[in-house]
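Values quoted throughout were computed directly from the atomic coordinates according to the rules given, and no laboratory measurement underlies them. Fair warning: this is a prediction, and the values are worked out from it, not measured in the lab. Ideal geometry is used to build each Cβ from the backbone, glycine not excepted, and the neighbour counts take in all protein chains shown.
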Amino acid sequence: MAGDDDDYIYDEATGEWRPASEMAAAVEAGRAVARDAAGNVLADGDSVVLVKDLKVKGANQTLKQGTVIRSIRLTDNPEEIDCRHEAIKGLVLRTEFVRKR
């Protein structure tokens, strides 16, 4: 098989062995790859689900586990995503609290 000779590189951020071609593409893109709580790669426009209840500072509101957030945007920090929620403007979530839908 042709895919068997692909080199693998250890990704310290996820603790997984990733194909060298995938890691090179991430470096070429100029920023680290954003991953959700399960290790799935996130991209602009993805929908995510909260994996735990989150108290939102300044809004006196709690977002419940299972809440769906649509059309995320990646930021320069691979551990944060910009989100839109009907009740909260300018919401930024940590990727460790979301799972790709």
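Which one is right for this structure if P(r) over Cα pairs in 5 Å bins from 0, in percent is calculated from it: (1) 2, 12, 20, 17, 11, 8, 8, 8, 7, 4, 2, 1, 0; (2) 2, 13, 24, 25, 17, 9, 6, 3, 1; (3) 2, 12, 22, 21, 16, 10, 8, 5, 2, 1, 0, 0?
Here the calculated entry is (3).
Counting only residues 5 or more places away or on other chains, whose amide H sits under 5 Å from the amide H of Ala34 once H atoms are built in the peptide plane?
Hits under the 5 Å cutoff: Leu42.
Among Lys55, Lys100, rank each residue by its count of other Cβ atoms within 10 Å, from fewest to most, as a rough exposure measure.
Details: Lys55 9, Lys100 18.
Final ranking by Cβ density, sparse to dense: Lys55, Lys100.
Taking H as built 1.01 Å from N, whose amide H comes closer than 5 Å to the amide H of Leu91, not counting residues under 5 places away?
Cys83, His85
Grab the DSSP H runs of the chain that are 4 residues or longer, score each as -39,500 (n - 2.57), total them, divide by all residues and round the 222 nm result to the nearest 500 deg cm²/dmol.
Details: 1 runs with 9 residues, N = 101.
Calculated mean residue ellipticity at 222 nm is -2500 deg cm²/dmol.
Take a quick pass over the chain and tell me how many lysine pairs come in under 17 angstrom between Cα atoms, counting only ones 8 or more apart or on separate chains.
Lysine pairs meeting the criterion: 7.
Multiply the residue separation of Val56 and Lys89 by 0.36 nm, subtract the distance between their alpha-carbon atoms, and state the gained length in nm to one decimal. If you can, show how the numbers build up before the last one.
Details: separation 33, 0.36 × 33 = 11.88 nm, distance 1.11 nm.
Length difference between fully extended and current span is 10.8 nm.
Highest mean first, how do 44-51, 62-69 rank when packing is the count of other Cβ atoms within 10 Å averaged over residues?
The peptides rank, most packed first, as 44-51, 62-69.
Points 7 angstrom from Cα along the Cβ direction at Arg99 and Glu80: gap in nanometres?
It is 2.5 nm.
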